[in-house]
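Written out below as structure tokens is the structure these notes cover.
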Amino acid sequence: MAGSAILNPKSPFADDLRTALREEYEDCTWGESMILAEQLSRDADARVRQATATASLVADWLRQQPGVEAVYYPQFRERDMYDRFRRPNGGYGGLFSFVLKNPEQTSERFYNALEISKGPNLGTTFSLCCPFTLLAHFDELDWAEESGVSRWLLRLSIGLESADDLIARLDRALAAAR
């Protein structure tokens with residue numbers, strides 16, 4: 001994986017952060033990975049737009065399903081706040097989370113039946129799903145729930161599949177979870 005850090009030169013912390021980054025930096029990139037990253041960057045805007053449009057359709061479908069307790073997506077929750085900061089003509093992103101009804105009984109069956117790659121990432125050309133709270137807060141699940149985040153939360157990162165294809169996969173997994 002590759003990443004970047006952009007520092008505001010006007011920040012009073014810029015020099016300290018730059019020094020810390022230089023001290024911690026280790027070049028672990030593999031040449032072929034960088035070539036692939038550059039190639040994928042060429043159509044990144046179009047892929048983001050496609051994933052965002054698909055996520056909107058899939059999230060809307062999912063929140064209408066009787067087996068789903070909640071869908072967490074900016075289009076449906078805290079939209080006014082999000083709208084103040086998103087780009088003109090921007091969407092709500094290709095990432096959302098959801099919780100099933102009776103999650104203690106249904107989440108594992110749903111997850112195991114879901115015909116989507118499993119993993120904690122976003123921005124890939126294929127969709128990914130992960131039990132986000134379990135991955136991010138495994139040793140502090142009670143704290144997460146006390147903070148309002150279900151231990152059964154599932155996160156879905158939308159790739160380039162069609163909305164119809166993803167909805168069909170989700171529908172089969174919901175049926176298996178019942």
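The values are calculated or read from the model by the stated rules, or taken from the named source; none is laboratory data. Note that the structure is predicted; figures quoted are calculated from it, not measured. So basically every Cβ, Gly included, is an ideal-geometry build from the backbone, and we count neighbours across all protein chains shown.
Overview of results
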| quantity | calculated |
| --- | --- |
| Near pairs, Cβ below 9 angstrom, 6+ apart or cross-chain, from region 108-123 (closer than 18 Å to residue 165 by Cβ) to any residue that is surrounded by fewer than 13 Cβ atoms within 10 Å (Cβ to Cβ) and among the aromatic types (Phe, Trp, Tyr) | 116/126; 117/126 |
| All positions within region 131-167 that are among the aliphatic types (A, V, I, L, M) and surrounded by fewer than 13 Cβ atoms within 10 Å (Cβ to Cβ) | 135 |
| Selection from region 30-57 of residues that are more than 30 Å from residue 71 (Cα to Cα) and either over 24 Å from the mean Cα position of the chain (by Cα) or part of a helix (DSSP H, G or I) (or both) | 30, 31, 32, 33, 34, 35, 36, 37, 38, 39 |
| Selection from region 119-178 of residues that are within 15 Å of residue 51 (Cβ to Cβ) and polar (S, T, N, Q) | 121, 124, 125, 127, 157, 162 |
| Qualifying residue in region 97-119 (condition: modelled with pLDDT under 95, in contact with a helix residue (DSSP H, G or I) (Cβ under 7 Å, 6 or more places away or on another chain) and not hydroxyl-bearing (Ser, Thr, Tyr)) | no |
| Residue in region 96-103 that is without any contact (Cβ under 8 Å) to a residue 40 or more places away in the chain, touching a strand residue (DSSP E or B) at 6+ places or on another chain (Cβ under 6 Å) and surrounded by 20 or more Cβ atoms within 10 Å (Cβ to Cβ) present | no |
| Filtered residues of region 14-25 (kept if exposed (fewer than 11 other Cβ atoms within 10 Å of the Cβ) and either under 27 Å from the mean Cα position of the chain (by Cα) or in contact (Cβ under 8 Å) with a residue 40 or more places away in the chain (or both)) | 25 |
| Selection from region 120-140 of residues that are at pLDDT 95 or above and among the aliphatic types (A, V, I, L, M) | 128 |
